[in-house]
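**Q** Supplied in structure tokens, the structure appears directly below.
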Amino acid sequence: MKIILIIYVCSITANTCMPPLQVEKPYEDMYTCHIDGYKKSIDILQEMGKKEVNQHEIYTKFVCRKILEV
């Protein structure tokens, strides 16, 4: 089983989300995917910076989704 990580970056003030970001490398299990999802979410927020995040009320959400292997 392979699992992909999809991260959404959204703004409360704009009431919208950017197009989803899909991590290229698939994961072997849900645990690893979720841990990396939290880490990558932190990286995204830190890269955007405190001012931008606060001004636009930015938040992230992510999903780890199973993919079929052929």
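The values are calculated or read from the model by the stated rules, or taken from the named source; none is laboratory data. Not measured: the values here are computed from a predicted model. Ligands, DNA and RNA are excluded from the accessible area calculation, which covers all protein heavy atoms including side chains. Shrake-Rupley method; radii C 1.70, N 1.55, O 1.52, S 1.80 Å.
**Q** Could you give the accessible area per residue of the chain, probe 1.4 Å, as a whole number in Å²?
**A** Working: 5210 Å² over 70 residues.
On a per-residue basis, 74 Å².
**Q** What part of the accessible area of the chain, given as a whole %, is carbon or sulfur when the probe is 1.4 angstrom?
**A** It is 57 percent, rounded to a whole number.
**Q** Rounding to the nearest 10 and keeping the result within 0 to 90°, find how far the Cα-based axis of helix 30-48 lies from the longest principal axis of the chain.
**A** Relative to the chain, helix 30-48 is tipped by roughly 20 degrees.
**Q** When the Kirkwood hydrodynamic radius is evaluated over all pairs of different C-alpha atoms of the chain, what value in angstrom, to one decimal, is obtained?
**A** 12.8 Å
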